[in-house]
Amino acid sequence: MTILKGRRSIRKYKDEKVSDEIISAAIEGAKLAPTARNAQPWIIGVIKEKETLNKLSELATHGKFIKDANVCFAVFTEKDHKFFVEDGCAATMQIILGLWSYGVGSCWIAGDKMEYADDVRTLLGVPERYTLISLIPAGYPADVTIPSKKSAEEISFFEKYRED
């Protein structure tokens, strides 16, 4: 629970390299994500070149900070798979939590249904049978903010939902 409780969306990064070992561990975590019918319909791009990070930041309407990240993961899934969104989101969260377990911060940037999804796919040379689920810029946090969260009582119910 420590990793879950401590995780934050990080948009400001130190100029410090994320090791290849940590990147590989994050990919390993994604590989272990739950997947409907064990389809494993994902492919995951790892982008470290500054020129490509800059281009991604220009494409993503809410991801201008990608250019400052040390690395960005791009999660794609086969769009003909019935549960492509769910499976891609599971892989995304595994990457985010895996990175955080090493002290590497990240931020989930939406991909599915976004106007830039095809442009990102084209930029990275990914075949048309895949669709972008998420971009995950990552790096060591330069700044961590702690947003307020609703209480467990506010977001849960037992057995049957009731309005009070």
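The values are calculated or read from the model by the stated rules, or taken from the named source; none is laboratory data. This structure is a prediction, so every number in the text was calculated from the model and none was measured. Counting neighbours? That spans all protein chains shown, and the Cβs are built from the backbone with ideal geometry, glycine included. SASA here: full protein model, heavy atoms, side chains in, ligands and nucleic acids out. Shrake-Rupley method; radii C 1.70, N 1.55, O 1.52, S 1.80 Å.
Quick look at the values:
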read-out	value
Inter-site label distance for E58 and R129 at 7 Å from Cα along Cβ, in nm	3.1
Residue (of I23, I47, H81) at the positive-pole extreme of the chain, dipole from beta-carbon charges	I23
In Hz, Karplus ³J(HN,Hα) per residue of the stretch 135-152 (6.51, -1.76, 1.60; θ = phi - 60°; x = Gly, Pro)	10, 10, x, 8, x, 6, x, 8, 8, 10, 9, 10, x, 6, 10, 5, 6, 4
With every protein chain in place, the stretch 43-83: carbon and sulfur % of accessible area (1.4 Å)	49
Only Lys, Arg (+1) and Asp, Glu (-1) charged, at Cβ; the stretch 103-164 dipole about Cα centre in debye	160
Net charge of Cβ neighbours under 14 Å - reference R11; Lys, Arg +1; Asp, Glu -1	+4
Potential lengthening between L4 and D143 on full extension [0.36 nm per residue; Cα-Cα distance subtracted]	48.2 nm
Distance from the stretch 18-83 to the stretch 96-164 (C-alpha centre basis), Å	11
Net length gained if the chain between D164 and L32 were fully extended (0.36 nm per residue, minus Cα distance)	43.5 nm
Neighbourhood charge, 11 Å Cβ-Cβ cut-off, centred on I23 and excluding it, Lys, Arg +1 and Asp, Glu -1	-1
Rule-of-thumb Rg ratio for the chain [Cα; 2.2 N^0.38 Å; N residues]	1.08
Per residue solvent-accessible surface (Å²) - the chain, probe of 1.4 Å	60
Sum of -39500 (n - 2.57) over DSSP H runs of 4+, divided by residues of the chain (222 nm, nearest 500)	-9500 deg cm²/dmol
Solvent exposure ordering (accessible area, 1.4 Å, most first) of E163, E154, E16	E163, E154, E16
For the stretch 120-164, projected area of the alpha-carbon convex hull averaged over all directions, nm²	7.5
Ranked by how many other beta carbons lie within 10 Å on average, peptides 37-44, 53-60 from highest	53-60, 37-44
Estimated dipole of the chain in Debye, rounded to 20 [Cβ of Lys and Arg +1, of Asp and Glu -1, Cα centre]	240
Local net charge near K48, Cβ-Cβ under 15 Å (Lys/Arg +1, Asp/Glu -1)	-3
